[in-house]
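All remarks here apply to the structure that follows.
The values are calculated or read from the model by the stated rules, or taken from the named source; none is laboratory data. All of these numbers come straight from a predicted model, not from anything done at the bench. No Cβ is skipped: glycine too gets one built from the backbone with ideal geometry, and neighbour counts run over all protein chains shown. SASA here: full protein model, heavy atoms, side chains in, ligands and nucleic acids out. Shrake-Rupley method; radii C 1.70, N 1.55, O 1.52, S 1.80 Å.
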Amino acid sequence: LWSPGRQLLELRRMVGRAVSQYLPSAQAGLVKTLLLGQGQELPQAAYLWFRKIGCTHMLAVSGLHLTVMVGLLSLLCRRLALSRRGKNLVRAMLLFACMCITGFPPGVQRSGAMFFLYLAADSLHGVADSQNALGAAVLLICLFQPFSGGDLGFSLSALSTLGILTLYKPLMVWLMKGRRILKGPRLRGLLRPFASACCVTLSATLFTLPIQLLVFGGLSLIAPLSNFLPMPPTLPPPHCSTLS
C-alpha cells in the first residue's frame, strides 16, 4: 500500500545513496549529517574537531540550515511573476519539501512552523510577530511531541532564536547608529554584515550559555569566533530573520 511515510523514507534513502556515490566517504558522511540528519556515518575525528571548536550544534539539522534554504528560496521566488500569496504558496511548498528531506527533526519543525506562520500573516497582509511565532511554534511541537523539550538540539535552537529576537536589534542599533565602528558611511556599509554576524553570535551565545555550561561543562574560548566566521555568507534576508 502507498504510504507517505514509506515514500519519504525511500526518498531519503535515494538522496543518501546519491551522496555516497559521488563523494568520498568522509565528505559523504558530513553531507549526510548536515542534509539528512544521519550523523551515524560522520567520522569520529570530524565530530571531535567540531566539539573542540564549540560547533557541534552545526551538525544537528536545525533552524540555521533551514534559514539558509529559506534565504535561497526567497531569492528565487522574487523573480516569479506571481502575486504575494502565490509566491508565499511556492515558498511554503518548497520549504515543506526541504523539511521532508531532513526528516523533520525538532529544530526544523520549530523553524518551519515559524516560517509558515510568517507566510500566513504576510499573505493576509498582517504583521508577523517573531516572539509570538516562536512561542506558537514551540507550543505546537510540545503539544504533539511532549518530550521535545528534553531534546538538546531543540532546546539550543529555541533559546538561540529567542536570544537573536531579543538582543540582535538593540545590539545592532548600539553598534551602527551610535557610530561606534567607523564614522565613514562606506566603511560602515562594508562592515555591516560582519557587525550583524557578531550581534547574531553574541545574542545566541548569551541565551544558550546556561545549557552549554550544564551539558558540556564549559564554553570553548574559540567557540564565538568559530560561530562568527560562517555567519556573514549565511545571514538571511531581513524578512527571514525569524528563522535564525
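Only residues in segment 9-37 that are under 18 Å from LEU59 (Cα atoms) count as the first member; pair them with residues that are loosely packed, with under 14 Cβ neighbours inside 10 Å and hydroxyl-bearing (Ser, Thr, Tyr), Cβ under 9 angstrom, at least 6 apart or cross-chain, and list the lot.
If the second residue must be loosely packed, with under 14 Cβ neighbours inside 10 Å and hydroxyl-bearing (Ser, Thr, Tyr), the pairs left are ALA28/TYR22.
One line per residue, one yes/no per condition, for (1) of a type in the set (S, T, N, Q); (2) at pLDDT 75 or above:
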{"site": "LEU34", "(1), (2)": "no, yes"}
{"site": "GLY39", "(1), (2)": "no, yes"}
{"site": "GLN44", "(1), (2)": "yes, yes"}
{"site": "ARG51", "(1), (2)": "no, yes"}
{"site": "HIS57", "(1), (2)": "no, no"}
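Which one is nearest to GLN38 (Cα to Cα) among residues in segment 113-133 that are open to solvent by less than 30 Å² (accessible area, probe 1.4 Å) and under 16 Å from the mean Cα position of the chain (by Cα)?
So in segment 113-133, the residues open to solvent by less than 30 Å² (accessible area, probe 1.4 Å) come out as 113-115, 119, 121, 123, 130, 133.
Next, only the ones that are under 16 Å from the mean Cα position of the chain (by Cα) stay: 113-115, 130, 133.
Values: ALA113: 22, MET114: 24, PHE115: 24, SER130: 30, ALA133: 28 Å.
Top of the filtered list is ALA113.
Residue-wise test of (1) over 19 Å from LEU140 (Cβ atoms); (2) crowded, with 19+ Cβ neighbours inside 10 Å; (3) within 17 Å of the chain's Cα centre (by Cα); (4) modelled with pLDDT of 85 or more.
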{"position": "VAL68", "(1), (2), (3), (4)": "yes, no, yes, no"}
{"position": "ALA81", "(1), (2), (3), (4)": "yes, no, no, no"}
{"position": "GLY86", "(1), (2), (3), (4)": "yes, no, no, yes"}
{"position": "LEU89", "(1), (2), (3), (4)": "yes, no, no, yes"}
{"position": "MET93", "(1), (2), (3), (4)": "yes, no, no, yes"}
{"position": "SER111", "(1), (2), (3), (4)": "no, yes, yes, no"}
